[in-house]
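Worksheet: one structure, shown below.
Values quoted throughout were computed directly from the atomic coordinates according to the rules given, and no laboratory measurement underlies them. Predicted, not measured: the structure shown is a model, and the values here were computed from it. Backbone-built Cβ (ideal geometry, glycine too); neighbour counts: all protein chains shown.
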Amino acid sequence: MRDLVSEMARRITVNGLQIARNGTALLDVPHLTLSGPGPTLILGPNGAGKSLLLRCLHGLIAPDKGYVEQDGVPLNADHKARQAMVFQQPVLLRRSVAANLDFVLKRQGLQRVARKTRIADLLAQGGLDGKARQAARSLSGGEAQRLAILRALALDPDTLFLDEPTSALDPGATQVIERMILRASEGGVRIVMVTHDIGQARRLASDVVMMQGGHVVEHGDARQVLDDPKSDASRKYLAGGLVT
Amino acid sequence: MHGFAVEFNTAFTLILNGDPELWAIVLLSLKVSVFAVLISALIGMPVGAALAVARFPGRRVLIILMNALMGFPPVVVGLLVYLMLSRSGPLGVLELLYTPTAMIIAQVVLVTPIVAALTRQVVEMLAEEYSEQLRSLGVSRLASVPVLLWDARLALVTALLAGFGRAIAEVGAVIIVGGNINHVTRVMTTTIALETSKGNLALALALGAILIGIAIAVNAMVSTLSLRAEREGLRHA
Ligand SMILES: Nc1ncnc2c1ncn2[C@@H]1O[C@H](COP(=O)(O)OP(=O)(O)O)[C@@H](O)[C@H]1O
Ligand SMILES: [Mg+2]
């Protein structure tokens, strides 16, 4: 019963979403339902509109037309407070590693002692123990992205959006991040993640949203979309050809 | 002609023996400029941060004005503050002319635009970088200001040091509003100007050496800060 409620609470619906700049349509998604439990991977070539869609889902961009719904109601402040986002380039505060986590925990209203414990937990979770006092901006790319993910998880989000979090990382660092994401997903966090990496979609996705030219060209079960794509655009992209 | 050997000798004796007149002048200089910088920080940082974060009509004009103020000739600032404080000026009743307070006011006028302009610049750059992340974390525009100021702390301290450097080395404005009165408003720069013209080179040289020492110390602090900024990835550009 509780599961049903929490699944319901993670149903994200897009209706008639449109974004245009200077007369060109950048995003045009008439209808899309992400019913979870995920992870949902949004896949497609550069410029397909993946980041724009993700920002709309998180409420960072207001679309020109259409709207995003969660739990059957238009995206509101309560929803956003239970969402978190990790960006392609991790945006870390110019403070220590621990202070980056403390910043969000303090905003959650946690007391000092509770915050300390939680920070230690999180750092261990991300393999950053021992780095608590290091300046966050002096971390390596992989460590920085791990910290960004930990900080997002510190919010206890029900939905975590990630925009190509591993696109600048080597395979080793990518693997560590993917493991963190899977663990969060198993812990009940709804994952919606953008990637242009087909292998990554194979490794992580339960459902795949295929995008091209501002459109969702296909959405379905990961195996089906990746192994037996229905649209030409998907087939071409998966075959490794450049979709233009 | 013995050159200036004697004067140099006397100058260093003055410094090393802790000549009370010399050190009184140094102390007053430091007091005036430190106060001026603190007041400038209190005015300049909020103004700079507001200009960086808020969006309102006339904002661009204000920024241009502030940048122009940064390069204002000190002598003219002195003249304007003089007019404000002189007996028939709007603030004449306060009788502040030829007091250390008048010098502080003049230096505040000189330093505040520097602090405000540099604050605006660095906070605006940070705000751009942080904007989406902070919004994603639910931090409002207003609540983002202390976050940005704190994360810009090294650059802000650098701005204050730059302001202090300008204040302590400046002569034109303080000589007009301070009057270089013995034991009251004589600071390092005005004393150097006066004593040199009187031919009392020893005192001028001693003060000059101390002023250079202060300038070097300020620059060393700026370099140390920027090295630290480099190491900790605190750069803003
Ligand atoms: N603020 C903007 N103004 C104009 N064009 C934009 C803006 N943001 C994104 N675009 C354009 O929208 C398209 C989709 O961008 P994006 O969602 O970032 O693609 P991607 O799938 O690579 O994440 C691109 O052609 C991009 O140039
Ligand atoms: Mg993108």
Inter-part distance where the range B:94-119 and the range A:58-85 are each reduced to a Cα centre, Å
49 Å
Residues of type lysines that A:Lys116 reaches as a straight line, Cα spacing below 25 Å, ignoring anything fewer than 8 places off in the same chain:
A:Lys106, A:Lys131
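Place a +1 charge on the Cβ of each Lys and Arg in the range B:83-237 and a -1 charge on the Cβ of each Asp and Glu, then give the dipole magnitude about the Cα centre in debye, rounded to the nearest 20.
With only Lys, Arg, Asp and Glu charged at Cβ, the dipole is about 220 debye.
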Among A:31-38, A:81-88, how do they line up by average Cβ neighbours within 10 Å per residue, starting with the highest?
A:81-88, A:31-38
Over what distance in Å are the Cα centres of the range A:20-36 and the range A:161-215 separated?
21 Å
If you take each beta carbon of peptide A:56-64 and count the beta carbons of other chains within 10 angstrom, what is the mean?
1
Restricting to lysines and to Cα separations under 30 Å from B:Lys198, and discarding same-chain partners fewer than 8 apart, the set is B:Lys31
Across A:92-101, the residue-averaged tally of Cβ atoms belonging to other chains within 10 Å stands at 4
What ranking do B:102-113, A:48-59 get when scored by the average of other Cβ atoms within 10 Å per residue, highest first?
B:102-113, A:48-59
Non-local residues with an amide H under 5 Å from the amide H of A:Arg190, with H modelled 1.01 Å from N and Pro and chain starts lacking one, are A:Thr159, A:Leu160
Once phi is turned into ³J(HN,Hα) by the Karplus curve 6.51 cos²θ - 1.76 cosθ + 1.60 with θ = phi - 60°, what whole-Hz value does each residue of the range A:110-115 show in order, with x for glycine and proline?
6, 6, 3, 5, 4, 5
Taking springs between alpha-carbon atoms closer than 10 angstrom, which of B:Gly92, B:Gly44, B:Gly208 fluctuates most in the Gaussian network model of chain B?
B:Gly92
Per the C-alpha gyration tensor (a ≥ b ≥ c, the square roots of its eigenvalues), the range B:2-231 is rounded if a/c is under 1.5, else prolate if a/b beats b/c, else oblate; here it's oblate
Cβ-defined net charge surrounding A:Ala114, 15 Å radius [Lys, Arg +1; Asp, Glu -1]:
+3
Where does each of A:Glu164, B:Glu132, B:Glu195 land when they are ranked from fewest to most other beta-carbon atoms within 10 angstrom?
B:Glu132, B:Glu195, A:Glu164
Evaluate peptide A:82-91: per residue, the Cβ atoms of other protein chains within 10 Å of its Cβ; return the mean as an integer.
3
Would you mind ranking B:Ile114, B:Ile15, B:Ile64 by Cβ crowding within 10 Å, fewest neighbours first?
B:Ile64, B:Ile15, B:Ile114
Determine the percent antiparallel among the DSSP beta bridges restricted to the protein assembly as shown, to the nearest 5.
60 percent
Between the range B:32-92 and the range B:140-202, the alpha-carbon center distance in angstrom
14 Å
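Under the classification rounded if a/c is under 1.5, otherwise prolate if a/b is larger than b/c and oblate if not, where does the range B:18-70 fall, given a ≥ b ≥ c as square roots of the Cα gyration tensor eigenvalues?
The shape class here is prolate.
Taking K and R as +1 and D and E as -1, what net charge do the other residues with C-beta under 9 Å from the C-beta of A:Leu155 add up to?
So the surrounding residues net to +2.
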